[in-house]
Each structure stands twice: as structure tokens, then as C-alpha cells.
Amino acid sequence: MDGMKTFLGIDFGTTQTSVARIGEKTTYGPEIVEIDGNKSVYTALRLDAAGNVALFGDEALNRIYEAPEDTFYNFKADIGSGKTYRSSIGREYGPEELALLFLRHLAKKIAKNFNAPSLGKVEDLSCTIGCPAAWDVGRRSALADIARNAGFPNVIWCDEPFGVVYYCYGRGDFSLTGPQNVLVYDFGGGTMDVTVEEVSPDEKGVICKTPTILSVSTRSELGDLGGRNFDKALRDHFIEQMGTSKATFDLRDLRELEQRSKRLKERLSIAVDDGKSSEERETFFLFSKNTFHTLALSKNEFEQVCEPLIGRLREPIDSALNRQPSLNAEDIGCVILAGGSSRLYYVKKGIEDLFPKSEIVVSANPVEVIAKGLALYGRFSALGPNAVPERPKNAPDGDAEAAEPKTRSEKGADLRNNTNKDSRTGRKKRWLSMAAVAAIAIFLAGYWYLANGNVPVVVQKPVEAVAQDDVQAQYQMGQKHETAQDYRQAFESYKNAADKGLADAQNKLGKMYYYGLGVEKNDDTSAEWFRRATGRYIEAAKNGDTVAEDSLRKMSEEVGAMYEKSDRKTAYIWYYIASSYGSAPAQDKLDALRGKGWLNGAGWWTTVTFSWLSKEDVESAEREALEIMNAQ
């Protein structure tokens, strides 16, 4: 690393964890360090009988139904409490031990971004881990020690709301001409914290001095209140709508119901921000009922179901202000919203009503703001204000956002317009990358197809002696021929396996007929093989085969990408099937096909709105997708 220092910010959250980094001389903002290709992961893990990490992050929580007693989450909030967690075999774990196992696994994954065997081998690396402002020094120090023991080098701790202030001030989201009271409203998935800080500029006016905490909401007074409470309230409401009870569902379906409720809540908030109030829907398979089910949620229904929780959103604010008698709403110059749940429309509206005279800052991506701010704090702490290069005006942040301070009217526009766009930028990039790869693959296959006289010319080779009734051997032989670009022989081997019902082989035949590889191109025959594979995958998934479920999800995503340019309705059908089995990228595609698409121009992300599919086409495609799934 040529002697240049690098600083990591670790937002070890109750619900989600993210990591950001910034260099010693970097003049733009921190960037998020991806973890398994994602900008954040659930703070969860599954342990095996020996106490080793079997599953980590999103995978552990999404598959909690497989081993609920051995899957642990929400343990960060219990550090220092003396609480213990018991596994299926009776082994007890303290929250400190679970945090150590989680952070140790995280450190190994982060090290891959530095091409190093461990973070300890990365030259001049320092780390800052965030702590809730309400924690005492003992709990903060304990967390820093846990991070060190997990493999993060040169660890210091910092209050999480400090990170929020450092990041937003560094971006130019608010300005300082003197001391100002800033209220940080951190509404995460599992907890809600409010901190009031006195913030002052330093001598250069480039980065704020270490803030002074004036007041903190007390979690013991409020209990845990986070976005997950809303998800569970909606889940219970939908179960009641079905005329049944939670006891009739297995853990897998309860988890899926909660996840679908969360997505409906988020999509509804985006629709409201866009000036729409249409009903949002989610369709998925209920394994305990052996059927597909559609959930629907409108703005009015959401507000009725969650009214008790919405009414509690001001409780932590009252708690923080009441603990300091000299503080009232008029004394707050700026309110910063952080945490993933703060993006929801009812939170922003409530804050505006409570603080009509205050500057309201909605960070570009509330999920990332703490990690990025902690990285900035680590650099400031190590190098001091004079060692930090002054950031030029309009310098882009790590996610290519302008940093020039804005007026209050401009902030108001951002509050209503930019949040939705910025919070979805990462997803747009992911599915655009997938679409680009698919387009290139289609182009190359088509070019090769035409250049070889429509039907690929291959050297005929004798088929190896493989028993015709050995389905897996036939499939593996097909893979071998396909790798050697002997598509005719690959087709024959896949056909033998597909005729005997192997879903993976049927999937392969669908693609070969679509691209005309080893056989004459035939879209109708291609579609028929994809339908057959879908039936086989669903049949296996109903019997608890998670590999088949993953294969169906992947195949449906790929088929959707294949048709996206030529037949958007067919693409919608397959994305709908993938979404029904939990594919978030497919859900993003559905959202785009229903009305929004994105173009990448001159290095900046530009949103353009146009109609892809009519309402009638969408409804027809969804009916056809359900027919395909229910026919199995």
C-alpha cells in the first residue's frame, strides 16, 4: 500500500452490519466495502454443534427455518448484559462470544477486498467500530476488545451518532458557522436511538470537532422499537386476513411472510414518495399450505395496521429532550435521519411536523451513513485536522454524489425526491450489470450462430460409453461437451437426461433451443423446456429441497434476462416467478418493467421514466406466471 494509511469504519449494527473505508490522502468520500457482493449483511450467524460458523449474515437469517435454535441475531444489543443464548444441544453462548464469532468471520471476508490472508497483514490499516451513545465506557471498551480479538487491527471506538455527523457534515449536507444542536434520529431494523449533540466547526471549517453529547434517549424506558416491529405487525395482520393463526405456519413461511411484509412496506413508501398511492403486491409460495399466496398493501391499510407503532415514533425524541430540561424542539438547528427504517415516508413526515423550523437532512443512504462516518472519524483521530486534505467544492462522494452544501428549500426537494433514487442506486447498478452481461452473451452467441451458417458446425465425435439410464452421468457428459463447445454432443447428452426428468438438463435444453446451440433455434420449444424444468424444481422445492429452490430462482432470473430486450412481457413472467421465490434482483426488475428504467450516461446515473408494460400486460403476465407455477 506504499505507506499510505487506510481507515475502516465498522457499523456493527443490531440488525445489519456494514463497513466503509477511506485512504489517508483521499479527497472524495469513503466507499462501502462489499461483503459477499452486498453493501451490508444481516448481523446473524448459524453455529454447528462444535460452535463453528455454519452460515453467516443474510444466508443464516434467510434460512433460519432450518435450524432456529442454532441461528443467533440481535445479540449486539445484549453485550455487557449477562444474557445467554442456548443452542439446540444445550450449549450456552454469551452475546460477547457471538459478537466475536460474527466479527471474526466478517474480518476474513473483508480481508479478501485487500487481497490479504487477514486484515492483520494489511499495511497501515486502522479500524473504528461504532457504539451506541447510551453505552457506558465499559461496554464500549468491551466491544473494541472483541473487534481486536476478531482480527481487526488498531481498533478504536466511536459513538455511532458521531459517525453520522462526521459523514453528513463532510458531504456538505449541513453547514456550521458556530455551535449548533444537532439531533440524530437513528431508526434501524431492531432499535431506535435519538441523540442530541452540540456540534462546532474546527479552525479550518473543513471537518467538525468531536461533538459534545447533550442528551440520549434511554432504551430501557422505550423497549426495543425498530423497523422489524412494523414488519411483524404486518405479518400478523396478513395471517389474520387468511383466517388462520401463526401456529398453522412453519418457521420457513413465517420468516418469508415477515420478509414479504418488509418489502411491501418499503415499496409502498417509495410509491408514496413518488406521489403514488397504488396498492403494492407480493406473490410467493407458502410451503405449509402447499399453495401460492398474494399479499396486498395500501397506504391506508398500512397506517391502520401500524398506527400504534407510528404513534410511538416520537417517544425517543421526547425521551432525549426531557432528559435535558433546557432543551426543546426550537433549540434543534438540524435533524439528521439515519438507519434503514428512516427512509420510510411516515418517519420523514413526522420529523418535519415535530421540527418545522429545523434543517432536515436525509442522508443519501441511511444504511451506509454510520460506517462511512466512522471511517472519517478514524482518519481525523489519527491524522488531526491539519493532516486531512481540504475537500474541493462539488467533489464527488464515494458513491458519486455532490457534496456542495444546499439551501433549506433544496433540502426539502431532496427529502421528497432524492431519497428514493439514491437508496436504490446500488440495486440499479447490480441489475444493469447483470443486463449488460446478458446482452453481451446474447450478442456473442448470435454472432457465432450467424457466422456458422445458422446451425453450429461441430466435429462429430463418438459419444462416450455412458449408460442411458444414468441420468446424472448423461448430464455431466453434456457439461463436458458444452465446455469443449461441442454443442451437438452436449445437446444429445442433455436431451437424454432431460427426457428422464432431470430439471437441470431441461433448463439447459431451454437455453440451447433459445440460442440455437447444437440444434435449430426454436423459441416455442425453448419455452416448453423451461416450463418443464420449472415444474420439476417446484415439485422438489415443495419437498424441502433448497437446492432446487435456488436453481429455480437462478434459472428464472436468467430466462427473464434473456427475454428482456426482445419480449418484455415474457421477461416479466420469469422475473415474477423468480421474485415469488425470494429473488430481490428479480423484484427490482419487476419494478422497472412496471414503469421505471435507468440509463447510464457520461458516468452519472440518470433516471428516465417511460412505460415498459401496460397495466393490462402486467396483469396478464402475472396470471400466466401463476398458471405456470400452479400447474405443477
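Yes or no: segment 106-122 includes at least one residue that is under 16 Å from Leu45 (Cα atoms) and out of contact with any helix residue (DSSP H, G or I) (no Cβ under 8 Å at 6 or more places or on another chain).
Within segment 106-122, one or more residues are under 16 Å from Leu45 (Cα atoms) and out of contact with any helix residue (DSSP H, G or I) (no Cβ under 8 Å at 6 or more places or on another chain).
Identify, by number, the condition in (1) at pLDDT below 85; (2) in a helix (DSSP H, G or I) that Ala364 doesn't meet.
Among (1) at pLDDT below 85; (2) in a helix (DSSP H, G or I), Ala364 violates only (2).
In segment 367-385, which residues are in contact (Cβ under 8 Å) with a residue 24 or more places away in the chain, small (Gly, Ala, Ser) and either in contact with an Asp or Glu (Cβ under 8 Å, 6 or more places away or on another chain) or not in a helix (DSSP H, G or I) (or both)?
Ala371
Please go through (1) surrounded by fewer than 16 Cβ atoms within 10 Å (Cβ to Cβ); (2) at pLDDT 85 or above for Phe238 and return the number of the only condition it doesn't satisfy.
(1)
Among the numbered conditions (1) assigned to a loop (DSSP other than H, G, I, E, B); (2) modelled with pLDDT of 55 or more; (3) open to solvent by 80 Å² or more (accessible area, probe 1.4 Å), tell me where Arg488 comes up short.
(1)
Could you tell me whether segment 323-331 includes any residue that is modelled with pLDDT under 85, under 30 Å from Glu619 (Cβ atoms) and open to solvent by 60 Å² or more (accessible area, probe 1.4 Å)?
no
Which pairs turn up if I take residues in segment 583-595 that are within 15 Å of Ala271 (Cβ to Cβ) and look for partners that are open to solvent by 30 Å² or more (accessible area, probe 1.4 Å) and in a helix (DSSP H, G or I) with beta carbon separation below 6 Å, at least 6 apart in sequence or on another chain?
Every condition considered, the pairs that remain are Asp588/Arg427.
In segment 36-58, which residues are part of a strand (DSSP E or B) and in contact with a Gly (Cβ under 7 Å, 6 or more places away or on another chain)? Steps first, answer last, please.
So the first thing to find is which residues in segment 36-58 are part of a strand (DSSP E or B), and the list is 38, 41-42, 44-47, 53-56.
Hits for segment 36-58 are Val41, Tyr42, Ala44.
Only residues that are at pLDDT below 50 and either of a type outside the set (Gly, Ala, Ser) or closer than 23 Å to Lys554 by Cα (or both): list them for segment 584-622, please. If you could, list the steps in order and put the result at the bottom.
Here is the first cut: in segment 584-622, the ones at pLDDT below 50 are 596-611.
Within segment 584-622, Lys596, Gly597, Trp598, Leu599, Asn600, Trp604, Trp605, Thr606, Thr607, Val608, Thr609, Phe610 meet the criteria.
What are the residues in segment 526-567 that are surrounded by fewer than 19 Cβ atoms within 10 Å (Cβ to Cβ) and more than 17 Å from Gln506 (Cβ to Cβ), if any?
Correct list: Lys542, Asn543, Gly544, Thr546, Lys565, Ser566, Asp567.
Return the pairs, sorted by first residue and then second, in which the second residue is open to solvent by 10 Å² or more (accessible area, probe 1.4 Å) and among the basic types (Lys, Arg), the first residue lies in segment 108-136 and is over 30 Å from Met192 (Cβ atoms) and touching a residue at least 40 places away in the same chain (Cβ under 8 Å), the beta carbons are less than 6 Å apart, and the residues are 6+ apart or on different chains.
Pairs that qualify, where the first residue is over 30 Å from Met192 (Cβ atoms) and touching a residue at least 40 places away in the same chain (Cβ under 8 Å) and the partner is open to solvent by 10 Å² or more (accessible area, probe 1.4 Å) and among the basic types (Lys, Arg), are Asp124/Lys5.
Please verify whether Tyr494 is under 30 Å from Ile64 (Cα atoms), in a helix (DSSP H, G or I), among the aromatic types (Phe, Trp, Tyr) and open to solvent by less than 20 Å² (accessible area, probe 1.4 Å), treating the condition exactly as stated.
no
Among the residues of segment 15-62, which ones are surrounded by fewer than 17 Cβ atoms within 10 Å (Cβ to Cβ) and charged (D, E, K, R)?
Matches in segment 15-62: Lys25, Asp36, Asp48, Glu59.
Out of Ser288, Ser341, I need the residue that is outside any helix (DSSP H, G or I), over 23 Å from Arg594 (Cβ atoms) and of a type in the set (S, T, N, Q). Which one?
None of the other options fit; the residue is Ser288.
The values are calculated or read from the model by the stated rules, or taken from the named source; none is laboratory data. What you are looking at is a predicted structure, and each value in this text was computed from that prediction instead of being measured. FYI the Cβ positions are ideal-geometry reconstructions off the backbone, even for glycines, and counts take in every protein chain you see. Just so you know, the surface numbers come from the protein's heavy atoms only, side chains and all, with ligands and any DNA or RNA stripped out. Shrake-Rupley method; radii C 1.70, N 1.55, O 1.52, S 1.80 Å.
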